[in-house]
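The values are calculated or read from the model by the stated rules, or taken from the named source; none is laboratory data. Just so it is clear, the model here is predicted, and its values are computed rather than measured. Reconstructed Cβ throughout: ideal geometry from the backbone, glycine too, with neighbour counts over all protein chains shown.
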Amino acid sequence: MNTTNQETIDRYPTSLLLLHWVRAVLVAGLLWAGWHMTGLNDEVASKYELYYPWHKSFGVLVLLVVLVQIVLRIRTARLPQPLQTLAGYERVLSILVQRSMYALLVIVPLMGYSMSSTYTMSDGVFFFGVNLPELLPKNDDWFVVFQWLHKVLAYTLLVLILLHIVGALKHRFLDRDPRNDVLRRML
């Protein structure tokens, strides 16, 4: 097999690389902002005037980015496969973590959207100044459910992201076989 052909399937396409890193930065910011803003007292004006509106806008943006990523992944004929040099359990864990992250990157923003739609005191969901339609009726009982799901699933996503990062760094710096370096596929 020539190296040019191997290189094309050993590395993700540029479009997916860019979307991955943009999404990574956005999700890191959203996780920090969500944790920070929920810790603020309700009397702090920036909590509702700054943090919540921007958190909602960037949450919708992440949802759109990940949906584009999913479509690109489906339409891309050849993507890197799990490395055969990894242990079997590492390949399975890698696939499981990646698929779970994709699922949560769709579900967590939808739970946030559902929170804003159902909360009676919410002004709705704004996407960088555009008022998006509220898809669910106002109902504070449902809001509590969506709020809990949004929080628990966001923390679950954080754990998976940390596992993803630790795994990539482990393969890059600790594995004896240099072929296990999965991080090079995303750089």
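Of all residues in the range 130-187 being assigned to a loop (DSSP other than H, G, I, E, B) and charged (D, E, K, R), which is modelled with the highest pLDDT? The qualifying residue modelled with the highest pLDDT is K138. How many residues does the range 71-89 hold that are surrounded by 10 or more Cβ atoms within 10 Å (Cβ to Cβ) and over 30 Å from D175 (Cα atoms)? Residues flagged as surrounded by 10 or more Cβ atoms within 10 Å (Cβ to Cβ) and over 30 Å from D175 (Cα atoms) within the range 71-89 amount to 2.
Is it the case that the range 103-124 has a residue that's under 17 Å from the mean Cα position of the chain (by Cα), over 19 Å from W54 (Cα atoms) and modelled with pLDDT of 95 or more?
Yes, the range 103-124 has at least one match.
Checking the stated criteria, S100 turns out not to satisfy the condition of being in a helix (DSSP H, G or I) and either basic (K, R) or more than 23 Å from Q69 (Cα to Cα) (or both).
Looking only at the range 62-95, how many residues end up being in a helix (DSSP H, G or I) and free of Cβ contacts under 8 Å to residues at least 40 places away in the same chain? Residues in the range 62-95 being in a helix (DSSP H, G or I) and free of Cβ contacts under 8 Å to residues at least 40 places away in the same chain: 11 in total.
Quick check on S94: is it closer than 26 Å to D175 by Cα, hydroxyl-bearing (S, T, Y), surrounded by 14 or more Cβ atoms within 10 Å (Cβ to Cβ) and modelled with pLDDT of 95 or more? Answer is no for this residue. Test S100 against the criterion of being surrounded by fewer than 19 Cβ atoms within 10 Å (Cβ to Cβ) and either in contact with a strand residue (DSSP E or B) (Cβ under 9 Å, 6 or more places away or on another chain) or in contact (Cβ under 8 Å) with a residue 60 or more places away in the chain (or both), and give yes or no. Answer is yes for this residue.
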